[in-house]
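Notes to accompany the following structure.
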Amino acid sequence: MIEVLRAGLCDLVMDQGRFGYGALGVPVGGAADPAALAAANRLVGNGTDAAGLEISLAGPVLRFPAGGVVALSGARFAASRSSSATVAWNQTWVLAAGETLALERAEAGSRCWLAVGGGLAVPPVMGSRSTFLPAGFGGFQGRALQAGDVLATGEGRREVRLLRAHPPVSLAGASLRVVAGPQAGQFDDAGLAAFFSGSYRVEAASDRRGLRLRGAAVSHRRPELPSQGVLPGAVQVPPDGQPIILGWDGPVTGGYPVIAGVIAADWPRLAQLQPGDAVQFVTIEVEAAQELAAASWSIEELG
Amino acid sequence: MANPEIGQPSPGAAWRWVSERGLRLATGDATLARYAVLSGLGLPEIEDIIPADGTILLILRRGEAVSAALRQALVAAAADAPVAGGTLHEITVEYGGTAGLDLAGLAELAEMDAATYIKCHSAVEYTVAFLGFQPGFPYLQGLPSTLYAPRRASPRVRVSAGSVAIGGRYCGIYPASGPGGWHLIGRTDAKLFDPQRAEPALLLPGDRVRFVAA
């Protein structure tokens with residue numbers, strides 16, 4: 001059991017996502033970096049599909065009345081424990097009964113994931129425990145956590161193994177790798193030049209539905225398009241020319257031309273973008289992107 | 001200057017990539033038939049299949065490439081086999097008044113009185129072309145061309161759940177309250193989407209709909 005003493009900016013119960021409902025208008029959603037949540041789950045002895053918490057920019061204060069086995073992955077946040085022990089990332093640790101974990105501001109990046117032994121025991125909706133905020137279902141009562149909430153946890157493993165996780169090597173620098181198209185042809189030369197050689201800033205109005213960018217306008221030849229299926233990472237350009245990178249909870253269909261698609265290997269980097277961050281785009285071939293997507297976390301026994 | 005076609009298959013190819021995980025297949029009028037065929041194949045590398053307006057998006061599982069079986073399905077001639085008739089739903093609508101604030105204006109645009117507009121709208125059978133925008137929001141094809149209407153210049157901040165609306169050549173029904181840019185002609189009590197139901201969406205691609213005036 002976990003008591004929420006203070007809620008963060010947007011603490012969401014998430015698992016690997018809700019698969020197979022795109023044709024009903026429901027996106028996969030789930031953790032913005034599912035591999036990072038899966039790694040945290042492995043560190044606490046859970047199956048990779050267990051539900052944990054996705055914490056954004058400013059975190060919650062959580063009390064564990066019965067203690068628990070926990071792990072954090074993703075962006076480093078300023079953090080403390082009531083026992084004064086240090087809070088480590090990417091490794092297993094054990095909270096004593098009654099201990100409090102306080103997560104403050106993200107020090108770099110935007111999101112971290114907290115896994116607890118046994119997983120968060122919210123009822124699955126359409127096969128997933130992930131919160132889908134736009135329609136208000138899944139997760140904890142379909143919403144972000146609030147002070148006073150009490151989260152049930154499942155039965156954890158009896159024996160605790162202390163493990164450490166290593167994330168896949170991440171590319172430094174601001175460039176996001178994209179496959180160009182499918183509607184690059186609907187933009188004029190100036191628009192294409194602006195997009196592929198320009199630099200954009202992430203706007204504050206960004207959320208899990210989409211990352212709104214501001215920079216050189218991407219001008220169209222034709223701004224309209226019949227509704228087409230889209231997926232996270234697709235870069236839509238509405239008539240004002242300011243690109244939107246669709247996020248995990250974005251719509252499954254969209255009516256704006258897609259100039260490029262961010263490759264799956266760089267979705268974890270999308271999860272860590274903050275308002276004000278600079279973004280540039282560099283093209284990559286499909287085959288190369290498919291090989292990159294296989295990079296994964298490794299787990300090792302501690303001492 | 002970047003080449004916008006880098007990484008895309010040749011211009012004549014059956015599909016175009018949306019990142020390395022999405023295959024956008026142009027399907028035109030055969031969208032529902034191709035959707036039925038592709039869904040029925042149960043290809044293991046496919047995570048999801050999303051029909052839309054004249055196209056289908058196939059989403060590959062992470063790290064998967066296009067298999068020979070999938071490649072064959074993508075280039076297969078558009079199935080001219082008729083789609084098996086989907087379930088027929090009768091949806092009761094309260095037309096006009098506060099339930100359909102734009103009905104009077106649309107009737108005027110179509111140069112008919114409100115009663116004729118309602119008769120015209122409820123006389124035909126619609127087919128669910130695809131769902132999108134919100135979970136369970138159906139894009140219904142079959143609207144008489146005299147009733148086509150461009151979207152509203154400025155979207156409403158709040159549209160009630162169950163609102164029956166017109167957008168371009170489609171009729172739609174808002175499953176949940178929220179912002180919306182289509183013209184409202186009426187409202188239904190039918191629950192279009194409920195994530196707790198065994199079948200969360202009332203209407204599925206290929207289903208048929210008849211509107212009945214309350």
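Key figures
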quantity: Inter-chain Cβ neighbour average for residues A:218-231, partner chain, 10 Å; calculated: 5
quantity: Choice from A:268, A:134, A:34 showing the highest fluctuation, given a GNM over chain A with Cα pairs closer than 10 Å; calculated: A:134
quantity: Within chain B, percent of DSSP bridges classed antiparallel, to nearest 5; calculated: 85
quantity: Local electrostatic count, residue A:275, Cβ distance below 11 Å [Lys/Arg +1, Asp/Glu -1]; calculated: 0
quantity: Compactness of segment A:16-172 as Cα Rg over 2.2 N^0.38 Å, two decimals; calculated: 1.01
quantity: Inter-chain Cβ neighbour average for residues B:45-54, partner chain, 10 Å; calculated: 6
quantity: Positive-pole candidate from A:14, B:58, B:114, dipole of the protein assembly as shown, charges at beta carbon; calculated: A:14
quantity: Distance from segment A:242-291 to segment B:151-181 (C-alpha centre basis), Å; calculated: 28
quantity: Helical contribution to [θ] at 222 nm, DSSP H n ≥ 4, -39,500 (n - 2.57), averaged over chain A, rounded to 500; calculated: -2500 deg cm²/dmol
quantity: Test item: A:287-299 mean partner chain Cβ contacts at 10 Å; calculated: 3
quantity: Sequence ranges A:44-57, A:249-262, A:89-102, ranked by mean other-Cβ count within 10 angstrom, highest first; calculated: A:249-262, A:44-57, A:89-102
quantity: Surrounding net charge for residue B:94, when Lys and Arg each add one and Asp and Glu each subtract one, Cβ distance under 10 Å; calculated: 0
quantity: Under 14 Å, Cβ to Cβ, from residue B:107 - net charge with Lys/Arg +1 and Asp/Glu -1; calculated: -3
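Every number here is computed from the coordinates shown, using simple stated rules; none is lab data. All values derive from a computational prediction rather than experimental measurement. FYI the Cβ positions are ideal-geometry reconstructions off the backbone, even for glycines, and counts take in every protein chain you see.
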